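Here is the structure we will look at.
The values are calculated or read from the model by the stated rules, or taken from the named source; none is laboratory data. Note that this is a predicted model, so its numbers are computed, not measured. Positions of Cβ are generated from backbone atoms using ideal geometry, with glycine treated the same way; all protein chains shown enter the neighbour counts.
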């Protein structure tokens, strides 16, 4: 017998009309069209949006989410590592797919007597995922860049390791021409100096071209974007006379340098993340020790298309604060995520700050428990909220867990989780794959609750639609009338039945649906059944009236 969610889905998807009442389903994202968090809630309100849910993932030994995306098939995907004491020689690359409520759909670990880490994950136009990071194996005693393409369930399509010197893949993107671009750093064989490394690949992982850039000391890239005027922009750091500065470098589509610029003061400063804003400028985020307060502050710098500074701002207090990632929201403002020891709890908290186009703070919010918690990546989700990814140590043991936190309006149709990082039982995978291999975990996806309304929210309208359909359908089907042509009634019967059949076919071909569709289907089926019973009753001599 079909389970409850299957029966609901069958009824709700006979027709595809906008949602009115909630039914609840285990395979349909609970965030639906038309329920975006308002622009005022996310960007212009002086108060941050409410926390909807937070979940932790991993096993004992140390886990972290470096990068998170929203996938085209619904839900979220994060990548990072899962290991022993958070050290690469003992870590596995870690990939987890969740639904919109943070429940694990599947997870993969990649590693066999190696240390592997994923710094970034992207979804490609082909619908699969590209992972970029590094690997330390028995063969290589130092990190080497590692690229992996996997399908929608995490199975490897191809992988590439670049072993000519110490190298790391820090960022990746799909270019407008459909290829892949990877940025990071590379130490040439026989040298102890790190250079910025840029690599262009075909979709099968073969190299088109690569370029290195550097000075007489260390240089590296943490982030790369494709710019609207053509070419690519890299952000990272450059050492000169033992002083570390933030670095931006603009190159064309062949990797030839167009301009480069360093930013900072007398202490260490660098760039972790860069974006192009809707006004054509560039904004990078990271940490500065040259200005601001305390031991280091989050630092945002907005520059013109030629790299000249428009404005810069620091954020933080007397302790250590930093920004890991920055995004532009749908209404043109900005969010950055990182960590702060200057506010919140005594040690370190995940930290999200909302600013306008001039760097003025709209709101800021800390997240976490009594231990160290921090954010690595942030996205604006399709329902208008935001999703933070990082790690938390506030789960009751000495190791870190990968951490997702969703914030938005409480009236958005998202089921909040009751678990928090301070709850030792809040792990998203219940320990999961204890063998550490790359076997995926596919826990049950039966929902623990509906979307707030449940089936009771549509029960009475449903019964009403059936009753109305029955009454309206029975009368013309039963009346013995010379004026009402039987052929016309037969056409109505066929029409009502056809609508129901169409809805059934629609459900099989495209699972999903809503409650307005349920009511329309119930009305049509009520008309169909009422007319059939009325015709049958009339043929048996039972009539309610006779008209000439």
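Residues in the stretch 76-125 that are modelled with pLDDT under 90, surrounded by fewer than 24 Cβ atoms within 10 Å (Cβ to Cβ) and either under 18 Å from residue 391 (Cβ atoms) or in contact with a strand residue (DSSP E or B) (Cβ under 7 Å, 6 or more places away or on another chain) (or both): 84, 85, 86, 87, 88, 89, 90, 111, 114, 115.
Of the residues examined, residue 232 is not one that is surrounded by 13 or more Cβ atoms within 10 Å (Cβ to Cβ), modelled with pLDDT of 95 or more and more than 18 Å from residue 132 (Cα to Cα).
Among the strands (runs of 3 or more DSSP E) lying completely within the stretch 101-203, list those that include at least 1 residues that are farther than 30 Å from residue 229 by Cβ. First the steps, then the outcome.
Details: elements: 104-110, 115-123, 129-136, 144-150, 156-162, 167-174, 180-187, 194-201.
So the answer is 104-110, 115-123, 129-136, 144-150, 156-162, 180-187.
Taking the numbered list (1) at positive phi; (2) not in a loop (DSSP other than H, G, I, E, B) in turn, residue 349 passes all entries but (1).
Across the stretch 133-192, which residue is modelled with the highest pLDDT among those that are in contact with a helix residue (DSSP H, G or I) (Cβ under 9 Å, 6 or more places away or on another chain) and under 22 Å from residue 209 (Cα atoms)? Among residues in the stretch 133-192 that are in contact with a helix residue (DSSP H, G or I) (Cβ under 9 Å, 6 or more places away or on another chain) and under 22 Å from residue 209 (Cα atoms), the one modelled with the highest pLDDT is 134.
Restricting attention to the stretch 295-312 and to residues that are surrounded by 15 or more Cβ atoms within 10 Å (Cβ to Cβ) and more than 14 Å from residue 246 (Cβ to Cβ), the residue that is nearest to the chain's Cα centre (by Cα) turns out to be 305.
Can you tell me how many residues within the stretch 315-333 are more than 17 Å from the chain's Cα centre (by Cα) and either outside any loop (DSSP other than H, G, I, E, B) or on the phi > 0 side of the Ramachandran plot (or both)? Working first, answer last.
Kept after step one, since they are more than 17 Å from the chain's Cα centre (by Cα), are these residues of the stretch 315-333: 315-323, 331-333.
Checking which are either outside any loop (DSSP other than H, G, I, E, B) or on the phi > 0 side of the Ramachandran plot (or both) leaves us with 315-316, 320-323, 332.
Here the count works out to 7.
In the stretch 161-192, which residues are under 17 Å from residue 117 (Cα atoms) and surrounded by fewer than 20 Cβ atoms within 10 Å (Cβ to Cβ)? Listed by number, the residues that qualify are 161, 163. Residues in the stretch 90-100 that are in a strand (DSSP E or B) and within 14 Å of the chain's Cα centre (by Cα): 4 in all.
Do we have residue 292 as within 31 Å of the chain's Cα centre (by Cα) and at pLDDT below 95 here? No, not satisfied.
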